[in-house]
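Only the coordinates and a few stated rules stand behind these numbers; no lab work does. Everything numeric here is computed off the predicted structure, so don't read it as measured data. FYI the Cβ positions are ideal-geometry reconstructions off the backbone, even for glycines, and counts take in every protein chain you see.
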Amino acid sequence: MSSLTADALVRIFPGRGGDVRAVDEVSLEVRPGELLVVTGPSGAGKTTLLNLLGGLDRPTAGGVRLGDVDLGELDDDALAALRRDRFGFVFQAFGLVPVLSAAENVEVPLRLQRVAPAERDALVAEVLDLVGLGAHAAQRPYELSGGQQQRVGIARALVARPDVLLADEPTGQLDSGTAATVMDLIGDLVHGQGVAAVVTTHDPLLVRRADRVLDLHDGRVRSS
């Protein structure tokens, strides 16, 4: 497992009224087994920061490293391979394929990595058990609750044993009780599996589950 490091990240988007600095000189480090929560109001730059950290977008200035790999030195194909093999992503909208079962949704990253079928089956069963959904493997997303769907998304993000877990408002569509359960699950899995995790949220009730908190406002880290 490797640390994820960002150095003076800047992301500027052109706008009709002038350039918008969505992320402005943000630096951070997340170590294996650590849960970093990025908080702040809507429009603070949380999603943009997460996209930069995961190689889904490239910074205007600054850089991101995963261990000894500088994401800025990779071409698009190499960056896509890095995302596939070493990052796990969890999205607010779950992002599950409706026609696939829970197990088949979780299996997708392993198919992309061309993992052998027997090993795929074992890994999928293991991670579904970890998130408490072993008995729901054959069910499709519409047969699951919102909290269960998000747990499938977490299982899918973790099945390939990534170095980094990036979760963008993973509890935004859940009620407060289910949201707390999902955040507890993420924390337990991160600490148990040694994954470096960054989770964005605007919910102050979830911040207490973090090992560290980064408070983002107008693209900049606000000192506490």
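Computed from Cα positions, the angle between helix 176-193 and the longest principal axis of the chain comes to roughly 90 degrees. Placing +1 on the Cβ of every Lys and Arg and -1 on the Cβ of every Asp and Glu, with no other charges, gives segment 4-221 a dipole of roughly 260 debye about its Cα centre. GNM remark for the chain: springs join alpha carbons under 10 Å apart, and the peak mean-square fluctuation among Gly18, Gly33, Gly54 falls on Gly18. The convex hull drawn around the Cα atoms of the chain, when projected onto a plane and averaged over every direction, covers 12.6 nm². Within segment 101-156, the trypsin sites (Lys or Arg not before Pro) that combine a DSSP coil assignment with at most 11 other C-beta atoms in a 10 angstrom radius are Arg114.
Between Val69, Val131, Leu52, the Cα set farthest toward the positive side of the dipole of segment 4-221 (charges on each charged residue's Cβ, about the Cα centre) is that of Val131. Taking each DSSP H run with n ≥ 4 as -39500 (n - 2.57) and averaging over every residue of the chain yields -11000 deg cm²/dmol at 222 nm. Let me know the shape class of segment 134-192, please: from the alpha-carbon gyration tensor, a ≥ b ≥ c as square roots of the eigenvalues, rounded when a/c is under 1.5, otherwise prolate if a/b is greater than b/c, or oblate. Oblate shape, in that a/c is at least 1.5 and b/c is the bigger or equal ratio. Separation of segment 83-124 and segment 192-224, taken as the distance between their Cα centroids, equals 26 angstrom.
For Ala116 and Tyr142, what is the calculated FRET efficiency with R₀ set at 30 Å and r taken between the beta-carbons, to the nearest 0.05?
Calculated transfer efficiency: 0.50.
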